[in-house]
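Working notes, beginning with the structure itself.
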Amino acid sequence: MNTAHGSAIHSEGAARIAVLVPSTFLLDGEICEMAARRGAEAHLFRVHPESVADPRDSDAVARMVEDMGSVESLSKAAAQTADVAPHAIVWACTSGSFLGDGNYGERQARALSKSAGNVPATTTSLALVAALKRVRARKLLVLTPYHAEIGIEFVNFLEKNGFDAVGQAHAGKGSDGEVGALRLRDFLALAQSAGTSPRDAIVIPCTAVRDRRMSAELSRELRLPVIAANAATMDLAVQLAREEHAA
């Protein structure tokens, strides 16, 4: 495992967030823009796995993201963020923060905080839970870009956190490039295949999903709030960073 530090959109006096992302992450600009719109700076650090998985092999993909999301890997990566003196730190990988035992995300957050100087810390999976609770959603339509085997694990994670997945569909993608190629029409097709049970919100995991306008358009089409990974991640990370910055 090693890390590489990416650029940020600088804003004088803004709260700084260290964002750890998988090595194959392609949406640096989108994350930095999201942070800037929320009045913060995002500084990206890449986390590299021991080996890159064949995207067609769901088991290999799961092992790869679990490797990157291990407490040991994240602790080492978080220690490299000291130069930017972050006010908060986040592991921005959904599958890399829900695959594991029942309190995996909490253990990751504690390790991140400790290695980054005891600043507030979170993960994308924890941020998605927080966002769903904020809109008081319980019955969910879950649309994942993942292989079904991994997508079902995300559904299990949501149900363990008190949500009811009344519909689900999975796109079967195994790489950031494949996930990033999904468009509004693909998520509309997934939603159509997932049945018509009453639901309170749509949740779309995976920080590799391109989302400059897609969530808003999907929400208009289906007349439901859409909780997507990157927006949820930045909402919570910016909140934590602002609170720390103001302390």
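Just so it is clear, none of the values below were taken in a lab; they were calculated from the coordinates. On a predicted model such as this, the values are computed, not experimentally measured, just so you know. A quick note on method: Cβ atoms are made from the backbone with ideal geometry, for glycine too, and the neighbour counts reach across all protein chains shown.
Sequence-distant contacts, meaning Cα pairs under 8 Å at least 6 residues apart, place the relative contact order of the chain at 21 percent.
Across the stretch 127-228, the mean sequence separation of Cα contacts (distance under 8 Å, 6 or more residues apart), normalised by length, yields a relative contact order of 33 percent.
Within the shell of other residues whose beta carbon sits under 12 angstrom from the beta carbon of Q192, the net charge comes to -1, with Lys and Arg scored +1 and Asp and Glu -1.
Over the Cα atoms of the stretch 61-105, the radius of gyration divided by the Kirkwood radius equals 1.01; this is the Rg/Rh ratio.
The candidate values were (i) 31, 21, 17; (ii) 27, 20, 16; (iii) 34, 19, 17; the one computed from these coordinates for semi-axes √(5λ) of the Cα gyration tensor in Å carries the label (ii).
The peptide list 25-36, 197-208, put in order of mean Cβ contacts within 10 Å with the highest first, becomes 197-208, 25-36. Taking a sphere under 15 Å around the Cβ of K133 and counting the other residues whose Cβ falls inside, with K and R at +1 and D and E at -1, yields a net charge of +1. Note on the stretch 127-228: Rg/Rh from Cα positions, Kirkwood definition for Rh, rounded to two decimals, is 0.92.
Report summary: the helix-based calculation at 222 nm, which adds -39500 (n - 2.57) for every DSSP H run with n ≥ 4 and divides by the residues of the chain, gives -13500 deg cm²/dmol.
If you take all other residues with their beta carbon under 13 Å from the beta carbon of L27, and give Lys and Arg +1 and Asp and Glu -1, the sum is -2. Annotation for the stretch 19-63: trypsin sites (Lys or Arg not before Pro) lying in DSSP loop with at most 16 further Cβ atoms inside 10 Å of their Cβ are R56.
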